[in-house]
Amino acid sequence: MALIFDLDGTLLDSLQLHKKGLEYGFNIVLGKGTIPYGFLSQRIRYPAETLFELVSKKIGRNLTATEIKRIMAEKRRLLTYANIKKVRFYKGVCALIKLLMRNKIKFCIATAMNTKELRKFKRILKLNDLSKIIVNPDSPKHAKPDPYILNKAIRLLKVNKTKSVYIGDSPYDAVTAKRAEIGFIGVFNREELNKYEFYSSIEALLRMVQKNLFRFED
């Protein structure tokens with residue numbers, strides 16, 4: 001069995017940083033107050049393309065490619081060394097990874113984070129020490145819920161789809177897993193993931209894996 005982990009909101013408590021960055025980008029490019037306060041709070045788990053479509057509806061016109069590019073550039077201004085350094089792995093992540101390694105259970109990370117941002121997170125948080133394989137979209141057309149990143153992860157792990165599970169915090173993660181024809185386990189976001197196998201924290205997931213190692217071993 002192979003476990004494929006989402007990153008933001010699943011292994012890292014980074015959603016608030018991304019939200020602040022997007023709010024900053026929208027304020028700079030569209031004008032302060034154009035996007036209502038709190039608009040992103042319930043939507044920060046959405047894929048970028050979906051989020052920009054919702055913003056377009058909110059402001060009554062389609063965002064241009066230039067505007068989106070500028071918003072993302074401004075967002076990255078907040079992804080400084082100091083801000084990323086404050087991001088933490090959720091409690092239980094390191095213990096879970098050690099358990100998987102000790103029992104030779106294959107795993108990797110598959111994230112929708114764009115390459116420029118992922119490069120910063122990898123360098124500052126030393127993500128490659130956590131997982132040697134970290135997959136992200138090569139282009140926006142491969143963003144979730146397109147199954148590209150999961151199909152790529154499965155190829156790199158050299159495992160069968162029937163023995164692969166994606167672990168994420170968003171219904172879009174669940175849809176991505178379904179399109180890749182692999183299993184799914186939800187964490188943290190009970191309100192939107194209660195119809196799936198779900199765990200309220202990584203620690204809870206860790207306890208389940210510890211008790212059911214036979215389920216994940218080859």
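Pairs of C-alpha atoms in region 162-218 farther apart than 16 Å represent 43 percent of all such pairs.
Note on Met208 and Lys58: their simple-model spin labels are 3.2 nm apart, each label 7 Å out from Cα toward Cβ. Once the Cα atoms are used to define both axes, helix 48-59 deviates from the longest principal axis of the chain by about 30 degrees. With R₀ fixed at 30 Å, the C-beta to C-beta distance from Lys163 to Tyr37 puts the FRET efficiency at about 0.10. Centroid-to-centroid, using Cα positions, region 133-156 and region 1-64 are 20 Å apart. Where [x] 1.65; [y] 1.02; [z] 1.07 are the candidate values, the label of the one calculated here for Cα Rg over 2.2 N^0.38 Å is [y]. Tilt of helix 65-77 relative to the longest C-alpha principal axis of the chain, in degrees (0 to 90, nearest 10)? On a 0 to 90 degree scale, this one is about 70. For the chain, take the longest principal axis of its alpha carbons; what is the angle in degrees between that and the long axis of helix 93-102, to the nearest 10 within 0 to 90? Helix 93-102 sits roughly 40 degrees off the main axis of the chain. If a spin label sat at a point 7 angstrom from the Cα of Ala73 along the line to its beta carbon, the backbone N atoms of region 116-137 nearer than 20 Å would be those of 116-120. Length available on full extension from Lys178 to Asp138: 0.36 nm per residue minus the Cα-Cα distance, which gives 12.4 nm.
Using R₀ = 25 Å, calculate the FRET efficiency as 1/(1 + (r/R₀)^6) where r is the Cβ-Cβ separation of Ser201 and Leu99; round to 0.05. For Ser201 and Leu99, the calculated efficiency is 0.95. What the Cβ-Cβ distance of Asp129 and Thr80 gives, at R0 = 30 Å and to the nearest 0.05, is a FRET efficiency of 0.90. Can you give me the Rg/Rh ratio for region 15-84, using Cα atoms for both radii and the Kirkwood formula for Rh? We get a ratio of 0.93 for region 15-84. Computed over the chain, the per-residue total of -39500 (n - 2.57) for DSSP H runs of n ≥ 4 gives a 222 nm mean residue ellipticity of -14000 deg cm²/dmol, rounded to 500.
Laboratory data are not the source of any read-out in this text; all were calculated from the coordinates shown. The structure presented is a predicted model; accordingly, all values stated were derived computationally and were not measured. Note that each Cβ is placed from the backbone with ideal geometry, even for glycine, and that neighbours are counted across all protein chains shown.
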